[in-house]
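Before any comments, here is the structure.
Where a number appears in this text, it was derived from the coordinates with a stated rule and is not lab data. Keep in mind that what you see is a predicted model, and the values were worked out from it rather than measured. Backbone-built Cβ (ideal geometry, glycine too); neighbour counts: all protein chains shown.
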Amino acid sequence: MAEKKLILNDPDSGKSAELPVRTGTTGPDAADISSLYREHGLFTYDPGFVSTASCRSDITFIDGDQGLLMYRGYSIEELAQHSTFLEVAYLSLYGELPKKTQLEEFTDSIRYHTMIHEALKSFFRGFHYDAHPMAMMTGVVGSLSAFYHDSLDITDARAQEIFAHRMIAKMPTIAACAYKHSIGQPFIYPRNDLAYCENFLHMLFAVPCEEYEVDPVAAQALDMLFILHADHEQNASTSTVRLAGSSGTNPYAAMAAGIACLWGPAHGGANEAVLNMLEEVGDVSQIPKYIEKAKDKNDPFRLMGFGHRVYKNYDPRATVIRGMCHKLLKRMGKENDPLFELALELEQRALNDDYFKEKKLYPNVDFYSGIIYKALGLQTNMFTVMFAIARTVGWVAHWQEMTNDPEQRIGRPRQIYTGPAQRKYVPLNKRG
Ligand code: CMC
C-alpha cells in the first residue's frame, strides 16, 4: 500500500508541503509535522495539544467517541473485573500479563521496596499539620531524588526497573505518612504479609495501641479504583512527567512534577472538587440552580466530574465505578447515602439537559470515585492522593517508554510571539 501523505498548499506563495502520515495500531492517523519548520519555516498552533500527538506509545489506548479504554490491548472493564492492581502494573510496565511466577516475583519486589528511609519521615515534620496532602506528596516524592541520585543511570534497564518498583512500592507508604501527619497520629510501618491495598489501608487506619483488621471488601474496592486510574495515555500529568523527564532529569523529580500537575481541579483534583460540590449543592431541590450555574458563561462554576478532553461519550471508568459504589455502600450499610443519591440525581438531570447533550458532557471517572473514598473513611483532601498512587503506574511506564524511545528528544514547544517588536532600550532618566 502506498505511504499516506498530507499535502498542504499555500495558494498565495504557490508553495506546498508534503507531510508523511503515521498510522498506529488503531485510532486516527497523524500527520508528521516534525520537518515543517525546518523545510517550510512554519510552526503549527495547537493550544492544549487538542490535535497533536506528542509521542508514539504502546501502553494505553482511548477511543473517546466509543467510550473505550484499553491497557496494552485489554479493555478496562475486563481488567477491572478479573485483574488486580499489581497485575495491571506489571502489564503496563512489561507489556504482557504476567505468568504466575512472574507475578509472584514482581509482588515480592514491590513488597521489598515498601519501606522509606527513616530520614524521609523528618520531611513530614517540616509541614504544618494542615498542609494539603498533595503539597506534602509533591515535596516528599521530589525529595526521593536526593536519596537516589548518584547511583542512578537512567539509561540502564535494571536501574529503570528498580526505579519503577520503588515508586509503585513507596507511594502508598508516603501517602499514608502524609495522612497520619495531617491527623497527628504516628506513622505505621508497612506490613509485608499484607497485599498491596490491604497494606495501604493498614498504614492509613491502624494505630500502634490496638489491632486493626482490614475490611477485605474495602481493599477490593480500592484495588479496583487503582486499576481504573492506573493510566490514561497522554493526560496532563503523564505529559508533564514525560516533558520533565525529557531533559534527562532525575526521574523521582519528574514524578513530583506529575503529582503537582495532577493536583489541579481540571485533572486529578476533580474528585475532591466533586465532593465539595455535592456538599455545596446539599439537596436535590438545589440541582436545577447548579445546572443553570454550570451553563452560565459568566459564572466560573462547572459541574465537576463532568466532561472530558477525550471522551465524548460515557467514560467507561465511570460506569464501573458507579456499579462499585452501589456494591460498596450496600456492603457498608450505607445504600441510602444522601451524597450518592444526590450524585445519581444530578447525573440524570445533566444527562437529560440539552446543554450537556450538545456538548457531549458525560460523567467522568471522578464523578463517583470520591463517594467511594468517603465511604472508605478517607478525608476529602486525600482523594487526589489516592489517584496519584494509582497513576504512578502510568507515570513510570511512560517515563520508561520515553527514555528508551530512539525518537525521544527534549520536549521544547514553539510559540507565536505576540509581544512588542524589537525596540531600543531607554535609560531610566530618559523615560517620560
Ligand atoms: N460543566 C459545564 N460546562 C462544561 C464542563 C463542565 N464540567 N466541561 C466542559 N464544559 C463546556 C465548556 O464551557 C466549553 O463550552 P464552550 O464550547 O461553550 O466554550 C465546552 O464544554 C468544552 O469544554 P472545554 O473546557 O473546552 O474542554 P476541555 O477538553 O478543554 O476540558 C475538562 C475538559 C475535563 C477540563 C472539562 O470538561 C472540565 O473542566 N470538567 C470539570 C473538571 C473535571 O471533572 N475534571 C476531571 C477530568 S477526568 C479525570 C482526569 O483525567 O484527571
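Note on the range 277-319: among residues that are more than 10 Å from the ligand (Cβ to nearest atom) and buried (at least 22 other Cβ atoms within 10 Å of the Cβ), the one that is farthest from the chain's Cα centre (by Cα) is 278. The set of residues from the range 39-65 being assigned to a strand (DSSP E or B) and touching a residue at least 60 places away in the same chain (Cβ under 8 Å) comprises 60, 61, 62.
State all residues of the range 88-100 that are of a type outside the set (Val, Ile, Thr) and in contact with a helix residue (DSSP H, G or I) (Cβ under 6 Å, 6 or more places away or on another chain); if no residue qualifies, say none. Passing the criteria: 89, 90, 92, 93, 97, 98. Of all residue pairs spaced 6 or more apart or on separate chains, those with beta-carbon atoms under 7 Å, a first member in the range 355-375 that is under 14 Å from residue 313 (Cβ atoms) and a second member that is hydrophobic (A, V, I, L, M, F, W, C) and in a helix (DSSP H, G or I) are 356/350; 363/318; 364/318; 365/228; 365/318; 365/321. Return yes or no: is residue 226 in contact with a Pro (Cβ under 7 Å, 6 or more places away or on another chain), touching a residue at least 40 places away in the same chain (Cβ under 8 Å) and either within 16 Å of the ligand (Cβ to nearest atom) or closer than 21 Å to residue 122 by Cα (or both)? No: the conditions fail for residue 226.
Taking each residue of the range 390-419 that is assigned to a loop (DSSP other than H, G, I, E, B) and looking for partners that are crowded, with 19+ Cβ neighbours inside 10 Å and polar (S, T, N, Q) with beta-carbon atoms closer than 8 Å, six or more apart or interchain, yields 404/160; 408/246; 409/246; 410/246; 411/246.
Note on the range 107-139: residues that are surrounded by 17 or more Cβ atoms within 10 Å (Cβ to Cβ), part of a loop (DSSP other than H, G, I, E, B) and of a type in the set (A, V, I, L, M, F, W, C) amount to 2. Got a number for residues in the range 66-106 being surrounded by fewer than 15 Cβ atoms within 10 Å (Cβ to Cβ), of a type in the set (Ser, Thr, Tyr) and in a helix (DSSP H, G or I)? Number satisfying all stated conditions: 1.
For the range 329-345, check the following and say yes or no: at least one residue is near the ligand (Cβ under 9 Å from one of its atoms) and closer than 24 Å to residue 232 by Cβ. Looking for residues that are near the ligand (Cβ under 9 Å from one of its atoms) and closer than 24 Å to residue 232 by Cβ, one finds none in the range 329-345, hence no.
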